[in-house]
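Undergrad: Quick one: the structure is below, questions incoming.
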Amino acid sequence: MLRFASLAAAIVFAASPASAQFYKDKTLTLLVNYAAGGNADTEARVFQKHLSRFIPGNPTVIVRNLPGAGGANAMNQLGLGIAGKPDGMTLGYFTMSATSSITDDPVLKVKIQDVFTPIAAGRGWNVVYARKDIVPGGYGKPADFARATNIFAGGYSRATSHDTRLRLALEIMDKPYKMVTGFQGTAHLNQAMLRAEVNFTGSSLPGFQTQVIPQIIKEGIGLALFHHPVIGPDGKVQGNPLLEKQGIITFYQFYREAFGKEPSGAKYQALFLMNDISTKMQRGMLLPKGSPPEAVQALRNAFQAAGKDAAFARDFKAITGEEPDVVEPAEIEAIFDRIRKVDPEVKRVLRESVGQEG
């Protein structure tokens, strides 16, 4: 079961008079790197509704969407000081891409782990779904997927974790496919799915719960195939119990049922590791390096407090189907360190998947 990130101790809001007044009469912008209506935007607006009451000074909180380049546009602009200065007034609320960071994607002009100070992060799971007619005669069980030949996978940008997940999963299954990429958000992808321009894609839970289920699954147009698992404490595959209870099995289980053997090989190991990082830090709440310490501490406290608040949790669960799971800065730093130390073979596979040389 998903859990709230544990806190070492109860959050204490006692602050010096100066720090307590830092955000008084000010406006905090949550800069979202995907379009309005998408997964990150939907989550950010729950934080927008609740965050101010946990920040000393009770600032106004607004959301600004800056999509483009598979989420890299907003990261670049904030990291380079274009979309906001390191004054504590603009916080990145980003969908993270482990692929871009691991492969040093040239579209991402900044190294996330070097130019941003971690405030918090959010764990989240990714579900892959498809049109029922992806299989001639209709899809009924995983073994039917072996008959799928005309696969058009919908994505955002080649170097995003979203697109990389889809490519690697299809290549591990040895399925021919065409990648149709460049969509700005979940809503755009789902419209393409409804028009049969794509027939295979994925979504994190906010978009899956609020858009995919009512528009595609309940209408009988498509169905969930599997969700991507993480690396459990024992190093083995660990799925999301809530999704499994809904009948949405892990990719590991899907592959076994479809092909009668366990997935293996360098591409599977790269997918497993990349998805583990992406799931455990699906969203990143980040301030530019050099932001005032008072802002850093106030926002760290606020995100942790919001994550444990009953009213926030109720609203968050209503759109995602799960409890909020807010990650503390120390855990984010550990993930950043994992990115710096990724095995060269995994990096090679991901670079090949993205289409980079070297």
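Undergrad: Provide a single number: the residues in segment 21-66 that are without any contact (Cβ under 8 Å) to a residue 60 or more places away in the chain, assigned to a helix (DSSP H, G or I) and in contact with a strand residue (DSSP E or B) (Cβ under 7 Å, 6 or more places away or on another chain).
TA: Residues that pass the stated criteria total 4.
Undergrad: Then there's this: Can you confirm whether LEU205 is buried (at least 20 other Cβ atoms within 10 Å of the Cβ), farther than 21 Å from VAL135 by Cβ, in contact with a Gly (Cβ under 7 Å, 6 or more places away or on another chain) and aliphatic (A, V, I, L, M)?
TA: Yes, satisfied.
Undergrad: Pull up segment 117-133, narrow it to residues that are touching a Leu at 6+ places or on another chain (Cβ under 9 Å) and over 24 Å from PRO329 (Cβ atoms), then point me to the one that is surrounded by the fewest Cβ atoms within 10 Å (Cβ to Cβ).
TA: Ranking the candidates gives LYS132 first.
Undergrad: Inspect segment 287-294 for any residue being touching a residue at least 40 places away in the same chain (Cβ under 8 Å), buried (at least 21 other Cβ atoms within 10 Å of the Cβ), outside any helix (DSSP H, G or I) and touching a helix residue (DSSP H, G or I) at 6+ places or on another chain (Cβ under 8 Å) and give the result as yes or no.
TA: For segment 287-294, residues touching a residue at least 40 places away in the same chain (Cβ under 8 Å), buried (at least 21 other Cβ atoms within 10 Å of the Cβ), outside any helix (DSSP H, G or I) and touching a helix residue (DSSP H, G or I) at 6+ places or on another chain (Cβ under 8 Å): present.
Undergrad: Also, quick follow-up: Looking at the structure I just gave you, is GLY284 assigned by TED's automatic domain parsing to the domain that holds ARG338 and surrounded by 23 or more Cβ atoms within 10 Å (Cβ to Cβ)?
TA: The answer is yes for GLY284.
Undergrad: What single numbered condition from (1) within 17 Å of LEU170 (Cβ to Cβ); (2) over 16 Å from the mean Cα position of the chain (by Cα); (3) touching a residue at least 24 places away in the same chain (Cβ under 8 Å) fails to hold for ILE221?
TA: Only one criterion is unmet by ILE221, namely (1).
Undergrad: Touching a Phe, Trp or Tyr at 6+ places or on another chain (Cβ under 8 Å) and either closer than 30 Å to THR117 by Cα or in contact (Cβ under 8 Å) with a residue 40 or more places away in the chain (or both): does that describe LEU273?
TA: No: the conditions fail for LEU273.
Undergrad: Further question: When segment 159-210 is examined, which residues are found to be of a type in the set (Phe, Trp, Tyr) and either at pLDDT 95 or above or outside the structural domain of ALA266 (by TED's automatic domain parsing) (or both)?
TA: Within segment 159-210, TYR177, PHE200 qualify.
Undergrad: Tally the residues that are under 17 Å from the mean Cα position of the chain (by Cα) and closer than 26 Å to GLU262 by Cβ, restricting the search to segment 151-166.
TA: The number of residues fulfilling the criteria is 6.
Undergrad: Which condition number does GLN269 fail, the rest of (1) under 26 Å from ALA74 (Cβ atoms); (2) of a type outside the set (Val, Ile, Thr); (3) in the same structural domain as LEU166 (by TED's automatic domain parsing) being met?
TA: That leaves (1) as the condition not met.
Undergrad: Could you list, in sequence order, the residues of segment 239-264 that are surrounded by 14 or more Cβ atoms within 10 Å (Cβ to Cβ), assigned to a helix (DSSP H, G or I) and within 24 Å of the chain's Cα centre (by Cα)?
TA: Correct list: LEU242, LEU243, GLU244, PHE251, TYR252, GLN253, PHE254, TYR255.
Undergrad: Just checking, does segment 180-188 include any residue being over 21 Å from the mean Cα position of the chain (by Cα) and of a type outside the set (A, V, I, L, M)?
TA: Checked segment 180-188: no residue is over 21 Å from the mean Cα position of the chain (by Cα) and of a type outside the set (A, V, I, L, M).
Undergrad: Going residue by residue through segment 295-302, is there one that turns out to be assigned to a loop (DSSP other than H, G, I, E, B), within 23 Å of GLU333 (Cα to Cα) and either modelled with pLDDT of 95 or more or outside the structural domain of ILE332 (by TED's automatic domain parsing) (or both)?
TA: The answer is no; no qualifying residue exists.
Undergrad: Follow-up question, since we're still on this one. Which residue pairs have Cβ atoms under 8 Å apart, sit 6 or more places apart or on different chains, and have a first residue in segment 135-149 that is at positive phi and a second that is part of a helix (DSSP H, G or I)?
TA: GLY137/ARG147; GLY138/LYS132; GLY138/ASP144
The values are calculated or read from the model by the stated rules, or taken from the named source; none is laboratory data. Since we're looking at a predicted model, the values are computed, not measured. All Cβ positions, even for glycine, are placed from backbone atoms using ideal geometry, and neighbour counts span all protein chains on display.
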